[in-house]
Amino acid sequence: MATAAQWIEGARPRTLPNAIAPVVAGTGAAAAIDGAVWWKALLALGVSMALIIGVNYANDYSDGIRGTDDERVGPLRLVGSGLASPAAVRGAAIGSLATGAVLGLVLALLSAPWLLLVGAVCLAGAWFYTGGSKPYGYSGFGEFAVFLFFGLVAVLGTQYVQALRIDWAGAALAVGVGAFSSAVLVANNLRDIPTDTDTGKITLAVKLGDTRTRTAHLVLLVIPFLLTLALVARTPWALAGLLAVPLAVRANSPVRTNRNGLELIPALRDSGLALLAWSVLSAVALWLGT
């Protein structure tokens, strides 16, 4: 039976920057148009964290019962390792997603009820990433989904529920956060190319191949800093986002030096840290520039 520490590890806490960063960025964008509502920001954070934990457990469950994790290179998987039953992990996934749904319901009803439809799409996207008979994560669409849900939807949704409108600066932050989040998944899938190929999991990395996946990781890390330069049109404070460059360089180091397997895990960690740093710096910059 899995211990509490193993359940926490199975939730993949290293992915939490992907949940925290879009809410920080969206709140900064809302503050820039004098629309920040801090209790709504906290509700949005709860939704985002519950969803990403739910996605991680759902991924663990679905990959585990398919046998995709039988030869695992990366961090612990509960089902694949046999530490937890598929039913238990599925229950954890459903519980986490349900928590996100309840918090999202409250936020939507207090902001704009039509957001319930967006929430339903997000829940479907979370489950069918690796679940169902034809999971889109097995067809090379994982990075697109991450860009959409943890970039555009999460950032602009956070800005909208607070300010009840969005603007071009919020959209720029959404694209930047989406690019960083996709870079995290690209690094993960680069590491897993050999095992994913063997198990028939056709990720974008499997489609692109090793060399082009490494190039994609670099491109995704560069995009947010180009957007930083564009945000200078809103406020010179936006240049603070460039302070995250060293983290991005460190994140790309194992990728550009042709590391493989476990040696690529720091690329995941540092891509997430670069995402969080850039989001915080950019959000504060927009707030200071009001």
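The values are calculated or read from the model by the stated rules, or taken from the named source; none is laboratory data. Not measured: the values here are computed from a predicted model. Cβ atoms come from the backbone with ideal geometry, glycine included; neighbour counts cover every protein chain shown. For accessibility, only protein heavy atoms count, side chains too; no ligands or nucleic acids. Shrake-Rupley method; radii C 1.70, N 1.55, O 1.52, S 1.80 Å.
Figures for the structure shown
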{"quantity": "Any hit, the range 7-17, residues being crowded, with 23+ Cβ neighbours inside 10 Å, acidic (Asp, Glu), modelled with pLDDT under 95 and not in a loop (DSSP other than H, G, I, E, B)", "calculated": "no"}
{"quantity": "Residues (surrounded by fewer than 13 Cβ atoms within 10 Å (Cβ to Cβ) and closer than 16 Å to Ala216 by Cβ) located in the range 258-273", "calculated": "Asn258"}
{"quantity": "Matching residues, the range 121-160, being out of contact with any Gly (no Cβ under 6 Å at 6 or more places or on another chain), over 20 Å from Val186 (Cβ atoms) and β-branched (Val, Ile, Thr)", "calculated": "Val121"}
{"quantity": "Residue count, the range 122-133 (criterion: within 22 Å of Ala41 (Cβ to Cβ) and open to solvent by 50 Å² or more (accessible area, probe 1.4 Å))", "calculated": "1"}
{"quantity": "Qualifying residue in the range 99-111 (condition: under 30 Å from Asp198 (Cβ atoms) and under 17 Å from the mean Cα position of the chain (by Cα))", "calculated": "no"}
{"quantity": "Whichever residue in the range 162-196 is in a helix (DSSP H, G or I) and charged (D, E, K, R) and, among such residues, is surrounded by the most Cβ atoms within 10 Å (Cβ to Cβ)", "calculated": "Arg191"}
{"quantity": "Members of the range 224-260 that are touching a residue at least 40 places away in the same chain (Cβ under 8 Å), closer than 26 Å to Ala29 by Cα and β-branched (Val, Ile, Thr)", "calculated": "Thr228, Thr235"}
{"quantity": "Residue that is under 17 Å from Arg191 (Cβ atoms), of a type outside the set (Val, Ile, Thr), assigned to a helix (DSSP H, G or I) and at pLDDT below 95, where the choices are Arg214, Arg269, Arg250", "calculated": "Arg269"}
{"quantity": "Residue in the range 201-217 that is open to solvent by 40 Å² or more (accessible area, probe 1.4 Å) and acidic (Asp, Glu) present", "calculated": "yes"}
{"quantity": "Test: residue in the range 59-66 that is at pLDDT 95 or above and aromatic (Phe, Trp, Tyr)", "calculated": "no"}
{"quantity": "Qualifying position, being touching a helix residue (DSSP H, G or I) at 6+ places or on another chain (Cβ under 9 Å) and more than 19 Å from Ala19 (Cβ to Cβ), among Val102, Val118, Val79, Val146", "calculated": "Val79"}
{"quantity": "Number of the condition not met by Ile202 [criteria: (1) modelled with pLDDT under 95; (2) of a type in the set (A, V, I, L, M, F, W, C); (3) assigned to a helix (DSSP H, G or I)]", "calculated": "(3)"}
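Results for (1) surrounded by fewer than 22 Cβ atoms within 10 Å (Cβ to Cβ); (2) in contact (Cβ under 8 Å) with a residue 60 or more places away in the chain; (3) assigned to a helix (DSSP H, G or I), shown as yes or no for each residue.
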position: Glu143; (1), (2), (3): no, yes, yes
position: Val146; (1), (2), (3): no, yes, yes
position: Asp198; (1), (2), (3): yes, yes, yes
position: Leu220; (1), (2), (3): no, no, yes
